[in-house]
1. Within the range A:233-249, count every residue that is surrounded by 24 or more Cβ atoms within 10 Å (Cβ to Cβ) and assigned to a loop (DSSP other than H, G, I, E, B).
2. Return the total of residues in the range A:104-142 being assigned to a loop (DSSP other than H, G, I, E, B), in contact with a strand residue (DSSP E or B) (Cβ under 6 Å, 6 or more places away or on another chain) and open to solvent by less than 20 Å² (accessible area, probe 1.4 Å).
3. Just to confirm my filter: which strands (runs of 3 or more DSSP E) fall fully inside the range B:265-338 and include at least 1 residues that are touching a Ser or Thr at 6+ places or on another chain (Cβ under 8 Å), more than 30 Å from B:Thr178 (Cα to Cα) and open to solvent by 60 Å² or more (accessible area, probe 1.4 Å)?
4. Do we find that A:Tyr379 is more than 14 Å from chain B (Cβ to nearest Cβ), within 18 Å of the chain's Cα centre (by Cα) and crowded, with 20+ Cβ neighbours inside 10 Å in this structure?
5. Can you name the condition, by its number, that B:Ile301 falls short on among (1) on the phi < 0 side of the Ramachandran plot; (2) away from chain A (no Cβ under 11 Å)?
6. I'd like to know if the range B:343-352 contains one or more residues that are among the aromatic types (Phe, Trp, Tyr), in a strand (DSSP E or B) and over 18 Å from B:Ala150 (Cβ atoms).
7. Quickly run through the range B:163-179 and pick out the residues that are more than 27 Å from the chain's Cα centre (by Cα) and either closer than 9 Å to B:Gly104 by Cα or charged (D, E, K, R) (or both).
8. Among the numbered criteria (1) within 30 Å of A:Glu88 (Cα to Cα); (2) away from chain B (no Cβ under 12 Å); (3) touching a helix residue (DSSP H, G or I) at 6+ places or on another chain (Cβ under 9 Å); (4) surrounded by fewer than 24 Cβ atoms within 10 Å (Cβ to Cβ), which single criterion is violated by A:Met229?
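The values are calculated or read from the model by the stated rules, or taken from the named source; none is laboratory data. Source: prediction; values computed, not measured. Note that we place each Cβ from the backbone using ideal geometry, even for glycine, and neighbour counts take in every protein chain shown. All accessible areas refer to the heavy atoms of the entire protein, side chains included, with ligands and DNA or RNA removed. Shrake-Rupley method; radii C 1.70, N 1.55, O 1.52, S 1.80 Å.
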There are 2 protein chains.
Amino acid sequence: MKDAIRIHRRHFLVGAAGTVSAGALGVSAPALGQDGGLPPYAQWKEAEALIVHSQNTMETKRGVISTSVVTPNDVVFVRNNLSPPGEEIVADRDAWEVSFEGVGEARSMSVGELKRLGVGTVATVLQCSGNGRGLFDHEASGSPWVTGAAGCVIWSGVPLQAVAEELGGVSDGAQYITSTGGEEIPEGLEAKDVIVERSVPLDAMENAILAWEMNGEPIPRAHGGPLRMVVPGYYGVNNVKYVKRVAFTAEQTDAKIQASGYRVRPVDVGGAPDQPSMWEMKVKSWVTHPLMDTESGRVQIHGVAFGGVNPVEKVEVSTDGGETWQDASLIGPDLGRFAWRVFVLPADLEPGTYTITSRATDTEGNVQEQSTEPNHRGYDYSGWDRLAVEVTVA
Amino acid sequence: MKDAIRIHRRHFLVGAAGTVSAGALGVSAPALGQDGGLPPYAQWKEAEALIVHSQNTMETKRGVISTSVVTPNDVVFVRNNLSPPGEEIVADRDAWEVSFEGVGEARSMSVGELKRLGVGTVATVLQCSGNGRGLFDHEASGSPWVTGAAGCVIWSGVPLQAVAEELGGVSDGAQYITSTGGEEIPEGLEAKDVIVERSVPLDAMENAILAWEMNGEPIPRAHGGPLRMVVPGYYGVNNVKYVKRVAFTAEQTDAKIQASGYRVRPVDVGGAPDQPSMWEMKVKSWVTHPLMDTESGRVQIHGVAFGGVNPVEKVEVSTDGGETWQDASLIGPDLGRFAWRVFVLPADLEPGTYTITSRATDTEGNVQEQSTEPNHRGYDYSGWDRLAVEVTVA
């Protein structure tokens, strides 16, 4: 009864995810729209706002992300590496236990205890490593996300730093924060092969929180409640759901998801620990409006932009496929360096066909790339070329 | 079908609105909890998060407001002066027409046209003028709200300034922005007596937007969709729903809701245009946790604070009914001067009984009052005395 049924509100009038034009941009339209319906644990989601790729992967339609900065829970994408635990996991949220290792006094603490230790709130872009996979040519395995495996969420929880201090500090020699998810290991499989256990560099602790709240509500089961590790500026997979163990470790975990999974390498090369891990996110932006053909005249081109761990410095918009660029305005509240910013450029468009795209620059001078080199698993296509949309103005 | 049915998620474990202790604080417990169920237009709301005072007045439970700054749509309070229009009003949102008067070229514009003119996003505290009415002794008529006729919302729409410019500018002599709601006037009543038509000073235009989006979703019908006048820093009534007319006028409207309603005057004195109107909000704060009896030890006391049109400078917390005060920390993203801030004070509480309250100060040096003088209609009780909660620590 914790994540009960909801009939969608039909608020969303638009929201095509696959508006990238095949011909003009040289990319085949990704396989979208096989709406098999929402799985039981996500029945409360806004069905019309989502593309259901599978029972554990649901993408937010591109046009659903609008100009109000925060992505409402009921439209945030879902991506689970393993099936989520049953409803009982959120039956008594405060009783959920998480064990801490690699600290002065290793022990377990309940969510109820953590809530007494401290409170921190942070807005972050939550983005799946594979967001944009559908824009690569090489048909990498995995969901063919375009832009919609991303949202901007406000989390509340306890700063991890406060927990470590309470437990006597981090042990000497620790270099990573290793978090383990509480999903059940499917029968017949080796835990090491499928367990969601991720290590991130220790310096991520400065901003990490153990979160129990997502956009003002207890974290829904679909999103990792009762407790989720939130590592601001890092790809989604590092934000471990149903977190049951946090260890400060000298080495990265040897779980497959860390050792060979989520490693950036050339196409057809196997994953290995010496390859870059999907940790800090790249600077990226995309247009969310217009996506469909429109009438001539003044059009407000808008979208979202973020810099991973760095704030966005500026966003440029092109209506001619990158030949010329104009500075867009950043509007609305600035939720901090880990959140995305909404950008807007008013443009007077005569009848014709336009290839509209955006290019973000962060405060460190990192510029969103034009094109993303293929990588075996199709991680994070960030190129402004294929993130473009083609719009006909009548 | 626009605002269809939703079965609540039962996310909320706590949330007593009436935790004010009658004895200690000298106030009778307001009449709460007559949960008659949500009306059809608000079926999609989180039933367990709300106290249904009537079919047009629903209060957010005090403990539901937590530390993530933004109040999700499904828990935002509802207060309609007239019954909301039928579902047809949101059937074709972009087709909704609003007429503009008192400008160079008076004419109507559709929401679709407005969306082409400009985009602005602002976070505001939305608070009913009567929030806190239940804390007065004199049993003013109206809903006995305690703290829950308030939320913090992110709106997107077109800046009113951009609309005025498009229409040739505001006419000479205009001193007010007068907005008219699109509710149907009940048969047999004089329009002037019941119409929702509010005037605010022209200088509010600097921040006002005509909004179509609320927290990332098209504004629900319960909250004024398809289009709402948002006047940041002003009490809720000035944020006219279903806005169908915006006039720049030399005088305030003579509608009853403006001329004699929402006027601050002594108890048993009638309303009149020379009395202060419920425009800019006062500096105010309240504790949202703890509200219930708790165990001894470290407790994170948290709540929300805002300054109307001014940013919050500081918040102090007292655990002894105002005898002594300690500075709380403001945490999380700062959404701008019209939003509220979340404050937190860690406190080590021994067994005993505590009267916990908070006191906000804005950047202009305005300090939240200790007690609020009774006024006829019971508007905005902001005193930290009766906003206190009594908590027993075991």
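1. 5
2. Selection size over the range A:104-142: 3.
3. B:284-289, B:312-318
4. Values: more than 14 Å from chain B (Cβ to nearest Cβ): yes; within 18 Å of the chain's Cα centre (by Cα): yes; crowded, with 20+ Cβ neighbours inside 10 Å: yes.
When the stated conditions are applied, A:Tyr379 passes them.
5. Failed condition: (2).
6. Narrowing the range B:343-352 to residues among the aromatic types (Phe, Trp, Tyr): B:343.
Right, trim to in a strand (DSSP E or B) and you get B:343.
Filter once more, so that each one left must be over 18 Å from B:Ala150 (Cβ atoms): none.
Taking every residue of the range B:343-352 in turn, none turns out to be among the aromatic types (Phe, Trp, Tyr), in a strand (DSSP E or B) and over 18 Å from B:Ala150 (Cβ atoms).
7. B:Glu165, B:Glu166, B:Leu167, B:Gly168, B:Gly169, B:Val170, B:Ser171, B:Asp172
8. It is condition (4) that A:Met229 fails.
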